[in-house]
Structures are given as structure tokens and as C-alpha cells.
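Bear in mind these aren't lab numbers, they're just calculated from the coordinates by the rules spelled out. Small disclaimer: the values here were computed from a predicted structure and weren't measured. Every residue, glycine as well, gets a Cβ built from its backbone with ideal geometry; the counts of neighbours run over all protein chains shown.
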Amino acid sequence: MRLLVTGGAGFIGSALIRHLIRNTEHHVLNLDKLTYAGNLESLAEIEGDPRYQFIEADIADHERVSEALLQFQPDAIMHLAAESHVDRSIDGPAAFIQTNIVGTYQLLEATRAYWLSLPENRRAAFRFHHISTDEVYGDLHGVDDLFTETTPYAPSSPYSASKASSDHLVRAWHRTYGLPVLITNCSNNYGPYHFPEKLIPLVILNALEGKKLPVYGDGSQIRDWLFVEDHARALLKVVSEGKVGETYNIGGHNEQKNIDVVRGICALLEELAPNKPAGLERYEDLITFVKDRPGHDLRYAIDASKIERDLGWVPQETFQTGLRKTVQWYLDNKEWCRRVQDGSYQRERLGSVEKI
Ligand code: NAD
């Protein structure tokens with residue numbers, strides 16, 4: 001297959017592309033605008049592979065996207081490009097509306113024109129796979145409740161509202177124009193190459209430097225965590241075998257309170273990085289509770305039984321095994337972290353190639 005991946009220089013997109021190049025024969029075009037969250041150094045290990053290409057472009061740029069589609073001739077689009085950080089969406093929602101809603105709309109329109117231009121057999125096989133989040137469902141209050149594919153949407157933050165809007169657009173393009181779409185809604189991801197503004201890498205890197213470990217409120221918010229490589233495997237399953245028009249929830253059966261995640265990282269660091277910054281007795285002593293985020297959802301948890309039953313996908317990592325791998329990865333990849341933290345990954349782009 002020829003797969004066009006949007007947002008492939010981001011955390012999940014780069015894990016997906018590494019997985020595709022390592023484990024399949026597919027050809028991949030990575031279309032990414034390279035915002036602060038896009039880092040081509042996360043793709044260094046596959047750079048130069050003849051089945052991988054990159055183009056720097058904005059999904060909202062209809063003309064450029066249309067050109068890329070005509071030249072690359074994808075059999076499927078996997079759409080991950082988005083503004084993705086909730087705190088940033090609270091401080092400045094405009095970019096989220098522009099990329100997640102307007103960008104998705106422009107991408108859908110460019111895709112529809114391309115799809116209509118395909119010969120009948122390729123048109124029938126074509127797929128537009130939209131990658132979304134469980135945050136569109138809002139907050140879970142009952143302890144036993146889980147999000148299913150039919151849970152009504154009730155997004156709380158500008159980020160989740162913009163993702164919910166994009167999901168609605170994708171569904172409408174299927175119902176109205178017949179575009180063969182697939183939608184996946186996934187729980188919180190973690191793993192290697194995660195941008196250090198997100199909870200798990202932030203805690204690991206702050207702890208190693210002896211900095212405070214900020215925890216919102218009392219840390220009792222519950223998230224359902226999935227190792228990013230399990231997500232990449234699920235996405236490949238869905239784009240290859242998913243039923244057109246369907247939504248699949250993806251989750252790891254790993255509900256954890258934020259405070260327990262932070263304590264778990266501290267415990268792993270005691271074992272894997274025992275040489276602590278001067279004067280620090282226990283990594284846990286760095287935990288600092290900070291004012292809660294406005295509109296913070298208390299609990300998210302995914303019922304992933306549909307994708308397990310229909311497509312035979314199950315996560316390979318437990319939270320314990322995945323978290324250990326993640327902490328070890330950050331300990332082994334200090335150069336990647338340093339270049340993200342000091343901004344050099346943006347100033348001196350390594351491996352940026354633009355060719356289709
Ligand atoms: P990320 O922020 O790490 O990466 C986003 C990528 O999109 C970056 O490479 C960025 O340069 C690119 N991008 C942003 N705006 C663009 C534009 N206008 N045109 C082209 N490229 C653009 O995000 P992520 O964590 O990898 O998430 C990827 C997708 O998965 C998002 O759609 C997100 O909503 C969804 N998702 C994320 C999680 C999670 O836990 N991270 C969970 C579920 C779903």
C-alpha cells in the first residue's frame with residue numbers, strides 16, 4: 001500500500017511510520033507542517049529508506065495537499081496532524097480551531113477530489129483514516145463506566161472540542177459524499193519520543209534534573225494509558241482491515257491516577273538512575289501539587305472490546321512493562337531530549353528532505 005500519513009513528525013505519527021517501515025512493505029509519505037511538536041529526529045532511524053518520503057506542508061493548504069495527493073497517489077490517508085496539547089489549547093485556542101477543524105476540512109475536500117479522480121477499483125479500496133482521542137467523550141463519573149463507540153460526545157476543553165468537530169466532519173463526509181472513512185478514538189499514549197511538555201516525559205526529565213514534579217490538583221484524575229507502539233499496531237490493523245464508516249475505540253485497560261503515574265516513575269528512577277542530583281534523597285520528594293487545570297476531566301477509560309473482537313487487536317504492553325521501557329528510553333536518549341529542550345531540533349533540522 002501507499003500510505004500518506006499527516007503529522008508523521010509528531011509523537012504518534014513518528015511511532016506509526018517507524019512501525020510501518022520496519023514491519024511492512026508499505027510506502028509512506030509523511031506530510032507535516034513541522035510545528036514545535038514536529039521533530040524529524042524522531043524518524044532518524046528510517047531516514048534514507050527508499051520507501052519513506054517527507055514533505056513539509058500544512059494540511060490547511062488545499063493546493064499543496066492536492067498536489068501531494070496527485071503525485072504520491074496514496075491508497076490510504078492516515079490523518080494524525082493536529083494541535084494536541086490541552087494546556088496550550090486553553091492559553092491559545094486559535095491554532096486548534098485552524099488546524100484541527102479548518103485543516104481537517106481542507107484535507108477532506110482535497111481528498112474527496114483526489115478520491116473521485118481514481119479509477120473505480122482504486123476508489124473502492126481507498127481509505128481515509130482519521131485518528132482521534134477519547135477526550136471527545138468528556139468526563140466519566142461512575143467508577144464502572146467506560147467510553148464505548150456510542151458514548152455521546154461531550155468535550156470539555158478547546159482541544160477536545162476541536163477534535164470532536166473534526167470527527168463530525170469526517171463522519172459527515174462519509175454520510176454525505178460516500179468518502180470511505182474510518183475513525184479511531186484512543187486513550188492517552190506514552191512511550192519513546194514523547195515531547196517533554198506531556199506528563200510522563202516531563203516528570204522523567206524534571207526528576208533527573210532535580211526539578212519540581214508538578215501534579216494538577218490532588219493528582220486523583222484517572223487516565224487510561226496505552227503504549228504508543230501498541231497504538232501504532234492498532235492503527236495499521238484498522239486501516240488494513242477496518243470496516244468503512246466504523247469507529248473503533250483503542251485503549252490499554254490501564255487506568256491510573258496521575259499521582260500513581262508520577263510515583264511509579266519515581267520508583268523506576270530509584271532503580272534505573274540511582275545517582276540522584278546532589279542533595280536529593282528520594283525522587284518522590286520533588287512532587288509538588290499545583291492549581292488544577294480549568295475544566296479538568298476527572299476520569300477517562302476506554303472499552304476497547306470492539307477492536308479486540310472484530311480485528312483481533314490487543315495491547316502487548318502492560319502499564320508496568322511500557323513505563324519501564326519508556327523511562328529506560330529517556331535515560332538512553334539524552335541527546336534527543338537535549339536537542340528538544342534547547343530548541344536545536346527546530347533551528348538545525350537534521351535529515352529534512354522534501355521530495356515526492
Ligand atoms: P503531536 O502534537 O506530537 O504531533 C502532531 C504533529 O502534527 C506534529 O508533527 C506537527 O508538526 C503536525 N502538525 C500540526 N499542525 C499541522 C498542520 N496544520 N499541518 C500539518 N501538520 C501539522 O501529536 P500526537 O500526540 O502525536 O497526536 C497525533 C494525533 O493523535 C492527534 O490527532 C491527536 O489528537 C491524536 N491522539 C493523541 C493522543 C495522545 O495521547 N498523544 C491520544 C489519542 C489521540
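Using only the Cα atoms of the stretch 2-347, what do you get for the radius of gyration and for Dmax, in Å?
19.8, 69
From the square roots a ≥ b ≥ c of the eigenvalues of the alpha-carbon gyration tensor of the stretch 73-186, which class results: rounded (a/c under 1.5), prolate (a/b over b/c), or oblate?
The shape class here is oblate.
Could you work out how much longer the chain between ALA113 and ALA273 gets when fully extended? Use 0.36 nm per residue separation minus the Cα distance between them, nm to one decimal.
Stretched fully, the ALA113-ALA273 segment lengthens by 52.2 nm.
About the Cα centre of the chain, how large is the charge dipole given +1 on each Lys and Arg Cβ and -1 on each Asp and Glu Cβ? Please answer in debye to the nearest 20.
Roughly 440 debye, rounded to the nearest 20.
Taking the mean number of other Cβ atoms within 10 Å as a proxy for protection, how do you rank 279-288, 260-269, 211-220 from highest to lowest?
Per-residue Cβ counts within 10 Å, averaged per peptide and sorted highest first, yield 260-269, 211-220, 279-288.
Given only helices, namely DSSP H runs of n ≥ 4 each adding -39500 (n - 2.57), what is the per-residue ellipticity at 222 nm of the chain, to the nearest 500 deg cm²/dmol?
Using -39500 (n - 2.57) per qualifying helix, the result is -12000 deg cm²/dmol.
May I have the convex hull volume per residue, in Å³, for the Cα set of the stretch 217-257?
Hull volume over Cα atoms, normalised by residue count, gives 79 Å³.
Simple spin-label model, 7 Å along Cα-to-Cβ: ARG51 to ASP218 in nm?
My value for the distance between the label points is 5.1 nm.
Quick check: from the Cα gyration tensor, does the stretch 30-130 come out rounded (a/c under 1.5), prolate or oblate?
Note, shape of the stretch 30-130 comes out oblate.
Taking each pair of different alpha-carbon atoms in the stretch 183-285 once, compute 1/r for the pair, average those values, and report the inverse of that mean as the Kirkwood hydrodynamic radius in Å to one decimal.
For the stretch 183-285, inverting the mean 1/r across all distinct Cα pairs yields 15.4 Å.
Ranked highest first by average number of other Cβ atoms within 10 Å, how do 295-307, 331-343 line up?
Output ranking for 295-307, 331-343: 295-307, 331-343.
Over the stretch 198-356, consider all pairs of different Cα atoms and compute the Kirkwood hydrodynamic radius from their mean reciprocal separation; express it in Å, one decimal.
The Cα-based Kirkwood calculation yields 18.0 Å.
Once amide H atoms are built 1.01 Å from N in the peptide plane, which residues 5 or more positions from SER156, or in another chain, come under 5 Å H to H?
For SER156, the qualifying residues are GLY138, ALA161.
Any idea what the relative contact order of the stretch 2-347 is, in percent, if you count C-alpha pairs under 8 Å spaced at least 6 apart?
It rounds to 18 percent for the stretch 2-347.
Based on Cα positions only, what radius of gyration and what Dmax would you give for the stretch 70-112, in angstroms?
12.8, 38
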